[in-house]
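Colleague: Quick one: the structure is below, questions incoming.
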Number of protein chains: 2
Amino acid sequence: MSRSSVQLKTPQGTRDWVGDDLLLREKIFKTTSDVFRRHGGTPLDTPVFEIKEILSEKYGEDSRLMYDLEDQGGELCSLRFDLTVPFARWLAMNGHVTHIKRYQIAKVYRRDQPAIARGRLREFHQCDFDIAGVYDPMVPDAEILCVIVEVFEALELGITIKINHRRILDGLFAVAGVPEEKIRPTSSAVDKLDKMSWDDVKKEMLEKGLSDEVADQVGEYVRRSGNIHDMLEALKSNEKLTANENVSAGIEDMGLLASYLKAFDIVDKVSFDCSLARGLDYYSGLIFEVIMQAPTEPGEPGSRSKTQTSQVGSIAAGGRYDNLVGMYGKRPIPCAGISFGVDRIFTILKPPPEKDSKTSSAVTRNLDVYVMAIGGKEFEGLLLERMAITRQLWKAGIRAEYSAKTKPKSLQQFKEAIGVPLAIILGQDELAAGQVRLKVFKSNTNNEKDLGQLISRDNLVKEVKKLI
Amino acid sequence: MSRSSVQLKTPQGTRDWVGDDLLLREKIFKTTSDVFRRHGGTPLDTPVFEIKEILSEKYGEDSRLMYDLEDQGGELCSLRFDLTVPFARWLAMNGHVTHIKRYQIAKVYRRDQPAIARGRLREFHQCDFDIAGVYDPMVPDAEILCVIVEVFEALELGITIKINHRRILDGLFAVAGVPEEKIRPTSSAVDKLDKMSWDDVKKEMLEKGLSDEVADQVGEYVRRSGNIHDMLEALKSNEKLTANENVSAGIEDMGLLASYLKAFDIVDKVSFDCSLARGLDYYSGLIFEVIMQAPTEPGEPGSRSKTQTSQVGSIAAGGRYDNLVGMYGKRPIPCAGISFGVDRIFTILKPPPEKDSKTSSAVTRNLDVYVMAIGGKEFEGLLLERMAITRQLWKAGIRAEYSAKTKPKSLQQFKEAIGVPLAIILGQDELAAGQVRLKVFKSNTNNEKDLGQLISRDNLVKEVKKLI
């Protein structure tokens with residue numbers, strides 16, 4: 001093995017996670033999975049790669065972004081692109097499962113143009129909750145919206161859920177005069193209305209072959225949003241629209257949904273937005289996307305600036321996909337689900353670096369106690385005693401460290417204890433009398449003369465536990 | 001998108017994890033990481049693939065087992081093979097980190113021959129804790145052995161840690177007359193003594209070119225194990241051995257270690273085994289391997305049968321590797337670490353399937369309350385009321401479900417409630433009076449006449465919380 005001069009980096013679009021960042025990420029995972037479990041969710045974990053054929057033809061033109069494994073003999077595999085298709089594959093494989101609420105939190109892979117500052121990476125996390133099985137209409141869909149509200153309640157983030165229905169959208173396009181084969185391209189243009197002006201979206205529709213008149217009619221239909229009751233009233237009052245089978249089926253679904261959202265007391269979190277289209281082909285019913293709520297009053301505690309919000313984009317999205325599982329040639333299972341963009345949520349929740357802090361990228365330990373020893377000239381360091389006492393603390397579940405030097409200097413030990421709230425200080429004479437000192441650090445400046453109170457070595461764990 | 005007739009499976013050597021299995025796995029992860037954090041450990045998460053060159057030349061002949069990503073333009077990457085090399089890469093990249101205790105729990109990938117029954121897969125987990133930095137000799141090494149003991153204490157598994165020292169081993173070989181270039185091959189043969197007879201190991205050494213005399217001398221030296229004090233006495237009393245520089249340096253390390261293990265009160269967990277060699281090239285000092293302890297008395301509660309133990313093999317392993325980080329051309333950082341075989345530990349801890357259970361592969365929910373409604377002929381199902389009450393429970397952190405049918409039958413609801421300890425039962429008249437019924441299920445046979453006690457709807461959450 002020779003020294004190498006390899007460029008030291010992580011692959012393009014990937015990053016390392018360390019220390020506090022990772023602990024925050026884990027907290028987000030725990031908060032969301034606690035909500036999922038509360039709803040009867042079962043965890044699922046699938047391999048990071050799947051047989052390539054299983055993933056094929058599921059992602060439309062995005063398939064080119066898939067990472068393939070090299071053919072090293074055996075099966076051809078690709079890294080998973082999302083968690084929905086592996087879930088559908090699992091359902092198709094496990095015939096005995098007819099109904100399930102499953103959740104999965106894992107990394108997915110897309111060879112997209114990375115934009116690290118905006119939290120868009122090639123290796124990123126998805127956090128999915130899906131309800132699979134035949135149920136009465138809109139009952140699972142409503143529960144998923146409830147899960148969304150509860151997750152963001154638990155994360156203490158204000159949100160709005162934009163909802164729409166694929167059948168309403170398709171019906172609106174048909175009534176506006178969009179030809180059948182142009183419905184998906186039109187849908188994809190309309191979906192950009194949250195980022196682009198109407199003029200630009202219209203331009204895209206004209207380029208895609210719509211007439212000026214049809215484009216304007218589409219614009220008139222889809223540029224409407226508001227609370228679900230008002231929107232339903234407006235749709236119902238338009239006979240041209242209600243005459244369309246898709247629109248009227250969608251209105252019926254949305255009416256049921258409205259009553260369920262009222263029972264959950266979450267109607268005010270939802271905005272019916274006719275321009276929401278969502279990119280993926282496999283959605284077949286209700287679709288939704290979660291955005292940060294603009295702060296009600298600027299500068300309110302906990303509120304976020306509008307700039308930050310709009311930079312982040314949608315922070316969760318999902319919908320109903322009733323036909324995906326059936327594509328594997330076995331029984332079809334209707335499904336609906338939500339995917340939380342945990343990396344984006346992380347970016348929002350991450351505290352800004354402190355201006356006067358030199359440790360922004362530092363690896364902070366989270367300790368309860370630092371065990372040290374001090375003494376005079378003949379001082380032998382008391383390493384074995386520091387070890388024995390620290391082992392007592394560890395055994396009791398207390399987070400503790402000591403200097404790894406056999407004869408550490410006092411100053412060095414106080415320095416290493418910076419940021420730790422408590423110290424146990426050992427001295428030869430005190431130990432001989434069965435005692436140690438317990439010191440509470442008042443601030444981050446540890447180098448104090450006061451060595452704390454003398455306590456019996458036998459009471460050590462008990463005394464420390466009182467303070468942490 | 002067409003129906004496909006793809007073979008539905010996970011790639012060779014991989015598996016799905018679901019439900020209780022996954023919850024047990026997560027419990028193992030939490031138990032181990034709690035211990036790591038107690039020792040001041042910082043979590044690290046690295047990408048699932050690394051630049052191929054970074055992994056090259058680190059794994060000797062095992063490199064052929066690496067999964068490569070297809071060259072789709074851009075960098076050549078491979079799936080990570082272990083967590084040690086990515087950690088070394090991270091250390092080499094982050095010059096400001098001179099000392100760290102880091103842990104990482106993640107999947108790694110090897111195109112090995114899978115043996116699923118024995119828990120050996122191509123995608124499997126590692127769970128690593130490493131201490132990096134210049135410290136006084138054997139202080140971090142001793143702490144790692146202490147971490148091992150604490151992890152298995154927390155998992156309630158009896159273990160023995162076999163230890164050895166690369167310098168002692170290399171010295172023994174040299175004194176026995178093994179030529180320099182045959183030391184690693186001899187080492188690899190000796191390492192098999194826990195699975196093969198001495199005769200077979202000797203045969204392998206002869207095939208590798210050792211003389212009969214040298215092979216026998218090696219056998220005499222390495223086929224010794226026992227407690228660390230006795231073994232050290234035996235080594236020290238042999239002047240031929242102590243004259244060797246490597247052996248005497250190793251003895252000095254092991255003497256220090258013995259005193260530290262005594263301070264931690266874990267000497268009885270450790271067995272000094274001269275035949276332990278460990279495969280990886282990069283180890284440079286203390287090496288160790290953890291095996292299940294044979295039960296002290298057969299049939300003792302919590303004890304495992306010997307058969308099971310030996311099938312599982314080593315359940316954790318590690319050692320000191322002082323030269324790996326320096327291979328990246330920057331400053332060297334001495335390291336020592338342990339890797340827990342969490343999949344094997346999972347296999348040991350997993351409860352055997354109940355004989356009379358039909359749900360061995362079932363997906364069990366873990367719910368606190370099932371919310372149901374019953375009524376007479378005119379009964380409308382009370383879906384909105386079930387939703388409103390369940391939302392109250394969810395908000396309070398209680399795990400609850402209800403039937404997703406608008407008008408579910410009583411029997412169906414009692415069936416769905418099987419395994420859930422509590423039910424809230426709604427009836428039209430009771431609701432009108434502001435009351436609901438709270439039922440405690442006595443066993444798994446839920447279909448009882450007793451509908452539980454009437455409680456005020458306002459006290460619902462409080463009453464349920466008393467019972468869970």
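Colleague: In this structure, does B:Gly341 turn out to be at pLDDT below 95, farther than 30 Å from B:Gln293 by Cβ, touching a Ser or Thr at 6+ places or on another chain (Cβ under 9 Å) and open to solvent by 10 Å² or more (accessible area, probe 1.4 Å)?
Modeller: Spelling it out, it is not the case that B:Gly341 is at pLDDT below 95, farther than 30 Å from B:Gln293 by Cβ, touching a Ser or Thr at 6+ places or on another chain (Cβ under 9 Å) and open to solvent by 10 Å² or more (accessible area, probe 1.4 Å).
Colleague: Another one. I'd like the residue in region B:201-219 that is part of a helix (DSSP H, G or I) and out of contact with any helix residue (DSSP H, G or I) (no Cβ under 8 Å at 6 or more places or on another chain) and, out of all such residues, is least open to solvent (accessible area, probe 1.4 Å).
Modeller: Selected residue: B:Lys203.
Colleague: Cβ-Cβ under 7 Å, sequence separation 6+ or interchain: first residue in region A:7-28 and assigned to a helix (DSSP H, G or I), partner open to solvent by 30 Å² or more (accessible area, probe 1.4 Å) and of a type in the set (Val, Ile, Thr). Which pairs?
Modeller: Final answer for the pair search is A:Gly19/A:Val363; A:Gly19/A:Thr364; A:Asp20/A:Thr364.
Colleague: While we're looking at this one, here's another question. Run B:Gly95 past the list (1) at pLDDT 90 or above; (2) more than 9 Å from chain A (Cβ to nearest Cβ); (3) out of contact with any Lys or Arg (no Cβ under 6 Å at 6 or more places or on another chain) and report the number of the one that doesn't hold.
Modeller: (1)
Colleague: Only residues that are aliphatic (A, V, I, L, M), within 29 Å of B:Glu57 (Cα to Cα) and buried (at least 19 other Cβ atoms within 10 Å of the Cβ): list them for region B:235-287, please.
Modeller: Answer for region B:235-287, where residues must be aliphatic (A, V, I, L, M), within 29 Å of B:Glu57 (Cα to Cα) and buried (at least 19 other Cβ atoms within 10 Å of the Cβ): B:Val247, B:Leu276, B:Ala277, B:Leu286, B:Ile287.
Colleague: Just checking, which of A:Leu393, A:Leu384 is modelled with pLDDT of 95 or more, open to solvent by 20 Å² or more (accessible area, probe 1.4 Å) and not polar (S, T, N, Q)?
Modeller: A:Leu384
Colleague: So which of B:Met231, B:Met196, B:Met292 ends up being hydrophobic (A, V, I, L, M, F, W, C), exposed (fewer than 15 other Cβ atoms within 10 Å of the Cβ) and within 32 Å of the chain's Cα centre (by Cα)?
Modeller: B:Met196
Colleague: Could you run through region A:403-420 and say how many residues are facing chain B (nearest Cβ under 9 Å) and either under 15 Å from A:Lys439 (Cα atoms) or basic (Lys, Arg) (or both)?
Modeller: So the count comes out to 2.
Colleague: What number of residues within region B:66-86 satisfy the criterion of being touching a residue at least 24 places away in the same chain (Cβ under 8 Å) and facing chain A (nearest Cβ under 10 Å)?
Modeller: 8
Colleague: Same structure, new question: Applying the selection to region A:198-226, what residues are in contact with a Phe, Trp or Tyr (Cβ under 7 Å, 6 or more places away or on another chain) and over 17 Å from A:Asp170 (Cα atoms)?
Modeller: A:Gly226, the sole residue that qualifies.
Colleague: A follow-up question, please. Collect the residues in region A:362-376 that are open to solvent by 20 Å² or more (accessible area, probe 1.4 Å), closer than 10 Å to B:Gly41 by Cα and modelled with pLDDT of 80 or more, keeping them in residue-number order.
Modeller: Within region A:362-376, A:Asn366 is the sole residue that qualifies.
Colleague: Then there's this: I'm trying to understand the selection: among the residues of region A:142-175, which are closer than 23 Å to A:Glu252 by Cβ, open to solvent by 10 Å² or more (accessible area, probe 1.4 Å) and of a type in the set (A, V, I, L, M)?
Modeller: If the condition is that a residue be closer than 23 Å to A:Glu252 by Cβ, open to solvent by 10 Å² or more (accessible area, probe 1.4 Å) and of a type in the set (A, V, I, L, M), then A:Ala174, A:Val175 are the ones that fit.
Colleague: Another one. Could you check region A:42-128 for strands (runs of 3 or more DSSP E) lying wholly inside it with 3 or more residues that are hydrophobic (A, V, I, L, M, F, W, C) and buried (at least 19 other Cβ atoms within 10 Å of the Cβ)?
Modeller: So the answer is A:100-109.
Colleague: Oh, and also: Of all the residues that make up region A:15-49, how many are more than 30 Å from B:Leu8 (Cβ to Cβ), at the interface with another protein chain (Cβ under 7 Å from one of its Cβ atoms) and of a type in the set (Val, Ile, Thr)?
Modeller: Final tally of qualifying residues: 1.
Colleague: Looking only at residues that are of a type in the set (Ser, Thr, Tyr) and free of Cβ contacts under 8 Å to residues at least 40 places away in the same chain in region B:54-65, which one is farthest from the other protein chains (Cβ to nearest Cβ)?
Modeller: B:Ser63
The values are calculated or read from the model by the stated rules, or taken from the named source; none is laboratory data. Because the structure is a prediction, the values reported are computed rather than measured. Note: ideal-geometry Cβ built from the backbone for every residue, glycine included; neighbour counts use all protein chains shown. Side chains included, ligands, DNA and RNA excluded: accessible areas come from the protein's heavy atoms. Shrake-Rupley method; radii C 1.70, N 1.55, O 1.52, S 1.80 Å.
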